[in-house]
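Structure record follows, encoded as structure tokens.
What follows is calculated from the coordinates using simple rules that are stated; it is not laboratory data. Just so we're clear, the structure is a prediction, and the values are computed from it rather than from any experiment. Don't worry about glycine lacking a Cβ; one is built from the backbone with ideal geometry, like all the others, and counts go over all protein chains shown.
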Amino acid sequence: MGGSELIGKEERDAVEKVLMDGVPFRYGFDEKRKGAFKVAEFERRFADYVGSKYALAVSSGSAALRVALAGLDVGKGDEIITQAFTFVATVEAIIACGASPVLCEVDKTLNLDPADLEKKITDKTRVIIPVHMLGAPARLDEIMEIARRHKLIVLEDSCQACGSSYKGRKTGTLGMVGASSFDYVKTITTGEGGMLVTDDEEFYLRASEYHDHGHKHNPDVPRGKDGKSIVGFNYRMNDIQGAIGVVQLDRLDFVLSQQRKNKAAIKDAIGDIGCIEFREITDEEGDGADTLIFFLPDKEKAERVEDSLTKDNIPTKILPSALGWHFAGCWTHISADYSPSLWPKTDKLLNRAIAIPISVKMADADINEIIAAIHKAAKV
Ligand SMILES: *Cc1c(COP(=O)(O)O)cnc(C)c1O
């Protein structure tokens, strides 16, 4: 569960301070808040942490994707490519901006398959959204090379991979734009919240205006006299969330190191089980490590393993427990054409995968229980 496991006195004090001495709104009221702008502080610190020029805090990870697409000025007539295994929000954001989603297969990384990406590019494609599912970075070298060759923009959906990295660079900073989520189950949390990062000033300004009704944020005039040039909406983060974010960001490296340690302990102890194959990880050191995923030889075996784990009270995460929200093959509410057979490779991989959630706080006894349960399950 990441940062939510660590919510404590620091978060409570930070919230209380905004309510009693500050202002739970991100702009204006300079005197009343005595100069404390917690969202702005969270943005500056987040940008420094990941190594980006700009960060824009927004109300959710979904909002981050929506605001990013508005900032990129894509819409009707444009195609945006992402993957068939993602949280539904990635595709919702594409639909909300009026563009058409084009969905690729995933490979054994359970992230975007570069070979299928190349096949799905048309002259209408504008943006590629690789998603770093369950903490692990996508094949960014290959994806960035394809994007450069076709002159396409890369927006990284890093909502499940806050703090993860790829070959030494934080996920979200390799593409032109990166989106993070701070909902309650993500790596760090502000309850609900999200962040965009970019080095592109023009994009940043447009996204910042869009997320606040088109406000130009001219520091020389009062908010009510501010100019506007685009039609925006309200996707603002408030200062209560910002204050929590500042505290949680300080916890991020601890969250990652604990998860990596706990994941490695389990992975090492089940590596000798013949019938399991681990998910391919592009960068072990950069893995956020909030999930351990392995494949069984087929769907039937995976179902038996899942049953055995459930009987031993070992939960799974997304695979297979919430597949319906993460595989486009299940999304007939989005398109009547969608069915698992459109993405046969993805369908097959997902149906023989088991994902074990990794927590920050895991006692040796918890870890040993999981290891024993997996050994037992593998024999069924
Ligand atoms: C969680 C998530 C989102 C949306 O984030 P929210 O903050 O919950 O709106 C988008 N994409 C992916 C891959 C996610 O996991």
Sorted on mean Cβ neighbours within 10 Å (highest first), peptides 255-266, 282-293, 20-31, 52-63 come out as 52-63, 282-293, 255-266, 20-31
Near-label residues of the range 228-262 by backbone N, under 13 Å of a point 7 Å along Cα→Cβ of LEU19: 240-241
Non-local Lys pairs in the range 236-380, i.e. 8 or more apart or on different chains, that have alpha carbons under 17 Å apart: 17
Looking at the chain only, what percent of DSSP beta bridges run antiparallel? Nearest 5 please. 65 percent
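Of the peptides 161-171, 343-353, 220-230, how do they stack up when ordered by the mean number of other Cβ atoms within 10 Å, highest first?
Details: 161-171: 22.5, 343-353: 20.2, 220-230: 10.4.
My ranking of the peptides, most packed first, is 161-171, 343-353, 220-230.
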Any residue on another chain or 5+ positions along whose placed amide H is under 5 Å from the amide H of LEU292 is listed here as ILE356, ILE358
Note, the range 193-200: 3J(HN,Hα) by Karplus (6.51, -1.76, 1.60, θ = phi - 60°), whole Hz, Gly/Pro = x, goes x, x, 8, 10, 10, 6, 9, 8
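If you count, for each residue, the other Cβ atoms within 10 Å and average over each peptide, how do 273-281, 196-204 line up from highest to lowest?
Details: 273-281: 14.9, 196-204: 19.3.
The packing order, highest mean first, is 196-204, 273-281.
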Considering only DSSP beta bridges where both residues belong to the range 137-276, give the percentage that are antiparallel (nearest 5). 75 percent
When only alpha-carbon atoms count, how far does the range 241-301 stretch along each of its three principal axes, as whole angstroms with the largest first? 47, 22, 18
Measure nothing fancy, just the Cα-based angle from helix 299-311's long axis to the longest principal axis of the chain, in degrees from 0 to 90, nearest 10. 80 degrees
Under a point spin-label approximation (7 Å from Cα along Cα-to-Cβ), what is the ILE95-ILE7 distance to one decimal in nm? 2.9 nm
